[in-house]
Amino acid sequence: MWLLILHSFALLFFALLFAFRFRKLVPHPETNVLEQIQVATNDWKSTPHWVLLLTFILFLFYPLTLGFSFFLRTDANVVVVILWVIWAYNWSKYTFWRE
């Protein structure tokens, strides 16, 4: 349970850090966040972009942390992993390939 709380705080911290501190520093801040993530993969060495990519990675792993917090000792952890793979695949597909 403590890992879920830590993951939630880290996700919230980096999302707010990007929104209030680094959003003005990226080129074209009025664009969609998914488009900014796609641009951030090309120039990941700048601070605003790695904060955005770290936030996206924490967002992708959030269901896995949530599921393992509650279903680690049961057989439902297999279902959690399968649902997480679907979650990560769909978000990655819509973010990077824009399908």
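Using the heavy atoms of the protein chains and a 1.4 angstrom probe, tell me the accessible area per residue for region 1-97 in square angstrom.
Ligands and nucleic acids excluded, the figure is 69 Å² per residue.
So what is the calculated 222 nm ellipticity per residue for the chain, using -39500 (n - 2.57) for each DSSP H run with n of 4 or more, over all residues, to the nearest 500 deg cm²/dmol?
Mean residue ellipticity, 222 nm, calculated: -22000 deg cm²/dmol.
Mind grabbing the base-10 log of I(q)/I(0) for region 1-97 at q = 0.10, 0.18, 0.22 Å⁻¹? Debye formula, identical points on the C-alpha positions, no solvent, two decimal places.
Debye output, listed in q order: -0.31, -0.86, -1.09.
For the residue pair Q38 and F96, what label-to-label distance in nm results when each label sits 7 Å from Cα along the Cα-to-beta-carbon direction?
Each label point is offset 7 Å from its Cα along the Cβ direction, giving 1.3 nm.
At 0.36 nm per residue, and after removing the present C-alpha to C-alpha distance, how many nm does the segment from S8 to L60 gain when stretched out fully?
17.5 nm
Separation between the F70 and Y89 pseudo-spin-labels, each 7 Å from Cα along Cα→Cβ, expressed in nm?
Roughly 2.3 nm, to one decimal.
The values are calculated or read from the model by the stated rules, or taken from the named source; none is laboratory data. None of the values given here were measured: they were computed from a predicted structure. Using ideal geometry, Cβ is built from the backbone for each residue, glycine included, and neighbour counts are taken over all protein chains shown. What goes into the accessible areas is simple: the full protein's heavy atoms, side chains included, and nothing from ligands, DNA or RNA. Shrake-Rupley method; radii C 1.70, N 1.55, O 1.52, S 1.80 Å.
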